[in-house]
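Down below is the structure, laid out as structure tokens.
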Amino acid sequence: EREWVNLSEAIEWCLGSEQYDLFKEFWLYLGGFTRFGGYWDERLAWLDCLLEVATRADDRPTIARILLDKVHTFALVDRPAQQEEAIALCQEALAIPDGLEFEACFNATVHLTLLYLNLGDISQARKSISDAKFMLNNTTFGERERLKFQIYLWYYQGQINTEIGELSKARELYQQCLQQARQLNWQLMIIYTYSRLAIIEIEEGNFEEAERLLQLVLTSAEQNCDKRSIAFCQRYYALLEQKRENLVKARHWALLAKENFKRLKMLKELREIDTLCRV
């Protein structure tokens with residue numbers, strides 16, 4: 001974060017000088033940071049530049065991975081106009097001959113699940129998660145690697161169940177995620193699962209447990225400069241306080257979330273949070 005201006009200029013120099021391999025190395029280290037930090041515009045602009053060079057070089061694996069990085073960005077930002085574009089990019093990446101190894105194919109299929117959920121298309125989301133299950137069941141892995149893929153399946157299936165109101169089933173899946181993520185010491189998945197469980201606790205009126213989980217999530221997000229997670233956590237705090245009928249606190253958290261969603265240019269979430277800002 002502190003060196004972001006310098007890093008940005010270094011990347012721009014790589015692109016301007018067509019230092020293709022050097023930029024790819026930069027991206028290995030900075031791809032995750034741009035995702036956590038919410039640098040969506042820079043992320044997409046740099047990916048487009050890299051895609052242009054990779055296309056000229058007919059570097060199919062890199063092309064496929066760039067398309068998936070763009071898909072992941074669109075899924076996280078959840079701008080309604082870009083969801084259909086992201087689905088098309090995902091399908092394009094999956095169709096590239098010799099483009100993706102199993103992990104990338106699996107992740108692409110999981111991305112489709114999230115994209116369809118963003119669009120409210122539960123039927124297609126279920127189909128995508130079913131496709132991912134089929135892929136996993138028909139591929140040989142070591143136990144630890146297979147478990148990590150399985151956790152993804154439980155996590156996104158839990159999101160589907162939450163979306164359709166099957167909270168008991170969603171809770172069961174998230175508890176499985178937690179148990180196995182702890183076994184792998186997978187801290188990021190543990191924190192994200194706490195966030196999903198907090199939503200269920202709010203809906204079921206278990207406010208103290210929801211607050212405990214949200215505090216864990218917010219602390220981790222702030223430590224990791226995960227700006228998107230911070231915004232969502234503030235949104236969930238607003239929902240929690242609204243359910244408790246603490247309207248002043250609800251508005252306080254909603255305004256914080258609104259400011260962060262605005263900074264991150266997350267238009268759908270920005271519209272949704274406006275209702276809480278007016279309580």
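The values are calculated or read from the model by the stated rules, or taken from the named source; none is laboratory data. Nothing here was measured: the structure is a model prediction, and the numbers come from that model. Every residue, glycine as well, gets a Cβ built from its backbone with ideal geometry; the counts of neighbours run over all protein chains shown. Each accessible area value is taken on the protein alone, full model and side chains, heavy atoms only, with ligands, DNA and RNA left out. Shrake-Rupley method; radii C 1.70, N 1.55, O 1.52, S 1.80 Å.
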Worksheet item: So which residues in segment 143-162 are open to solvent by less than 40 Å² (accessible area, probe 1.4 Å) and free of Cβ contacts under 8 Å to residues at least 24 places away in the same chain?
Response: Asn161
Worksheet item: Which of the residues belonging to segment 231-260 are of a type in the set (A, V, I, L, M) and open to solvent by less than 30 Å² (accessible area, probe 1.4 Å)?
Response: Ala231, Ala238, Leu240, Ala250, Ala254, Ala257
Item to complete: Tell me which residues, restricted to segment 117-162, are under 19 Å from Ala104 (Cβ atoms), aromatic (Phe, Trp, Tyr) and assigned to a helix (DSSP H, G or I).
Response: Phe134, Phe149, Tyr152, Tyr155, Tyr156
Worksheet item: assigned to a helix (DSSP H, G or I), open to solvent by less than 60 Å² (accessible area, probe 1.4 Å) and either at pLDDT 90 or above or under 20 Å from Ile200 (Cα atoms) (or both): does that describe Gln175?
Response: no
Worksheet item: Restricting attention to segment 90-113, which residues are open to solvent by less than 20 Å² (accessible area, probe 1.4 Å), farther than 16 Å from Tyr156 by Cα and in a helix (DSSP H, G or I)?
Response: Cys90, Ala93, Ala104
Discussion item. Here is a check on your reading of the model: is Thr140 β-branched (Val, Ile, Thr) and free of Cβ contacts under 8 Å to residues at least 24 places away in the same chain?
Written reply: yes
Worksheet item: Within segment 206-217, can one find any residue that is open to solvent by 70 Å² or more (accessible area, probe 1.4 Å) and within 17 Å of Gly158 (Cβ to Cβ)?
Response: no
Item to complete: Name the single residue, out of those in segment 1-43 being acidic (Asp, Glu), closer than 15 Å to Lys227 by Cβ and out of contact with any Cys (no Cβ under 7 Å at 6 or more places or on another chain), that is surrounded by the fewest Cβ atoms within 10 Å (Cβ to Cβ).
Response: Asp41
Worksheet entry | Verdict on Gly165 being without any contact (Cβ under 8 Å) to a residue 40 or more places away in the chain and not in a helix (DSSP H, G or I) | yes
Worksheet item: Checking Tyr116 against (1) hydroxyl-bearing (Ser, Thr, Tyr); (2) surrounded by fewer than 19 Cβ atoms within 10 Å (Cβ to Cβ); (3) modelled with pLDDT of 85 or more, which test does it fail?
Response: (2)
Worksheet item: Which one is most open to solvent (accessible area, probe 1.4 Å) among residues in segment 119-142 that are aliphatic (A, V, I, L, M) and closer than 24 Å to Gln83 by Cα?
Response: Leu119
Fill in: Test: residue in segment 70-85 that is out of contact with any helix residue (DSSP H, G or I) (no Cβ under 7 Å at 6 or more places or on another chain) and aromatic (Phe, Trp, Tyr)
no
